[in-house]
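First comes the structure, then the notes that go with it.
The values are calculated or read from the model by the stated rules, or taken from the named source; none is laboratory data. On a predicted model such as this, the values are computed, not experimentally measured, just so you know. Here the Cβ is made from the backbone with ideal geometry for all residues, glycine too, and neighbour counts use every protein chain on show. What goes into the accessible areas is simple: the full protein's heavy atoms, side chains included, and nothing from ligands, DNA or RNA. Shrake-Rupley method; radii C 1.70, N 1.55, O 1.52, S 1.80 Å.
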Amino acid sequence: MDMLSALADLGVAADTLSAAENQRLDRDGFLPLPGILRQSEVDSLNARLAALTDAEGDRAGLEVHQETGTDRLADLVNKDPIFYVCFSHPRVLAAMRHVLGEFKLSSLNSRAALPGQGHQSLHADFGEPVSAGAYRVCNSIWLLDDFTADNGATRVVPGSHRRATMPAQEMPDPAGSHPEEVQLIAPAGTVVIFNSHLWHGGTLNRSDRPRRAMHGYFCQRDLPQQLDQNAYLRRTTYERLSPAQRFVLGVTEPPTS
Ligand SMILES: O=C(O)CCC(=O)C(=O)O
């Protein structure tokens, strides 16, 4: 299996994203893909995430990261086949191919910003700036609630992925607002691809309900993953996945247990 065969097997074609969509992703650093999930699918994902959050309690998210004021879960790859869409959807994979070339999943997590919480500093999801075009990581945020101006919708600074700097190099306080920032306001079921070198962050959830989303985070194939998929992959998961899905996860050998 190689990248092109895996993408073809998963339904990615040359025109899966239009030229205009690719140009928008290059220019702005983010691209909303509306209507990827139906409301019934959003409801099923939310129900499964709620059950996992209850079951995992204080351990929830520990495989990658816990964050005050949020409910996080990590390693969703191994927690239910319902989540496989996040690393198999042709439109998402076409975007990753466009930004990263040879890529694999880095991690698949969820994040719900709780009422009165969720604000983050502007940041990039990579430790150092990279030159425009030499992108190493790219994210996809799966909206499981309508993202509104008030409920903690992610903010981004359009075009900042091309600046080759980090927010702290240009802003006195990256927790503050940036004059060019915009919020990702879109209905549940949308997936927003965002170049992870784009300055972005969660905002304060001023509503009385959690703002739920999943993050399918991808990296170039030569990078270490945020969650080592070979180390974590369960035998049952391996057996359920197609060869192309295993390739996207960067899984090389069957797990021993
Ligand atoms: O969930 C969000 O709105 C963004 C989260 C984010 O950027 C992060 O956790 O690094």
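Among the residues of the range 56-80 satisfying the criterion of being within 16 Å of Trp142 (Cα to Cα) and in a helix (DSSP H, G or I), which is nearest to the ligand (Cβ to nearest atom)?
Only one residue fits best here, namely Leu76.
Would you please name the residue that is nearest to Ala112 (Cα to Cα), looking only at residues in the range 81-94 that are away from the ligand (no atom under 16 Å from the Cβ) and crowded, with 22+ Cβ neighbours inside 10 Å? Write out each step before concluding.
Step one: list which residues in the range 81-94 are away from the ligand (no atom under 16 Å from the Cβ), which gives 81-85, 87-94.
Next, from what is left, pick out any that are crowded, with 22+ Cβ neighbours inside 10 Å: 83, 87, 89, 92-94.
Values: Phe83: 16, Phe87: 20, His89: 22, Val92: 21, Leu93: 24, Ala94: 26 Å.
By that ranking, first place goes to Phe83.
So, of the residues in the range 98-107 that are in a helix (DSSP H, G or I) and touching a strand residue (DSSP E or B) at 6+ places or on another chain (Cβ under 7 Å), which turns out to be surrounded by the fewest Cβ atoms within 10 Å (Cβ to Cβ)?
Across the range 98-107, the extreme among qualifying residues is Leu100.
Quick one: how many residues across the range 152-174 are within 30 Å of Arg206 (Cβ to Cβ), outside any loop (DSSP other than H, G, I, E, B) and open to solvent by 20 Å² or more (accessible area, probe 1.4 Å)?
Going through the range 152-174 one residue at a time, the tally reaches 3.
Can you find, within the range 30-49, the residue that is most open to solvent (accessible area, probe 1.4 Å) among those that are part of a helix (DSSP H, G or I) and of a type in the set (A, V, I, L, M, F, W, C)?
From the range 30-49, those part of a helix (DSSP H, G or I) are 39-49; that's our starting set.
Then drop every residue that is not of a type in the set (A, V, I, L, M, F, W, C), which leaves 42, 45, 47, 49.
Numbers: Val42: 1, Leu45: 4, Ala47: 63, Leu49: 15 Å².
Across the range 30-49, the extreme among qualifying residues is Ala47.
I need the full set of residues from the range 186-214 which are among the hydrophobic types (A, V, I, L, M, F, W, C) and under 16 Å from the mean Cα position of the chain (by Cα), in order please. Explain how you work it out, then say what you get.
The initial filter retains those residues of the range 186-214 that are among the hydrophobic types (A, V, I, L, M, F, W, C), namely 186, 188, 191-194, 198-199, 204, 213-214.
Selection gives Ala186, Ala188, Val191, Val192, Ile193, Phe194, Leu198, Trp199, Ala213, Met214.
Please identify the pairs in which a residue from the range 120-143 that is in contact (Cβ under 8 Å) with a residue 24 or more places away in the chain has its Cβ atom under 6 Å from the Cβ atom of a residue that is among the acidic types (Asp, Glu) and surrounded by 15 or more Cβ atoms within 10 Å (Cβ to Cβ), counting only partners at least 6 apart or on another chain.
Val137/Asp125
For the range 208-236, which positions are surrounded by fewer than 22 Cβ atoms within 10 Å (Cβ to Cβ) and in a helix (DSSP H, G or I)?
Asn230, Ala231, Tyr232, Arg235, Thr236
Restricting the search to the range 175-207, which residues are in a strand (DSSP E or B) and more than 10 Å from the ligand (Cβ to nearest atom)? Spell out the reasoning first.
Within the range 175-207, the first condition is being in a strand (DSSP E or B), and the residues that meet it are 182-183, 186, 191-195, 200-201, 205.
Hits for the range 175-207 are Val182, Ala186, Val191, Ile193, Asn195.
Given the structure, is Asp145 within 12 Å of the ligand (Cβ to nearest atom), open to solvent by 20 Å² or more (accessible area, probe 1.4 Å) and closer than 21 Å to Arg72 by Cα? Give the steps one after another, and end with the answer.
Values: within 12 Å of the ligand (Cβ to nearest atom): yes; open to solvent by 20 Å² or more (accessible area, probe 1.4 Å): yes; closer than 21 Å to Arg72 by Cα: yes.
Yes: the conditions hold for Asp145.
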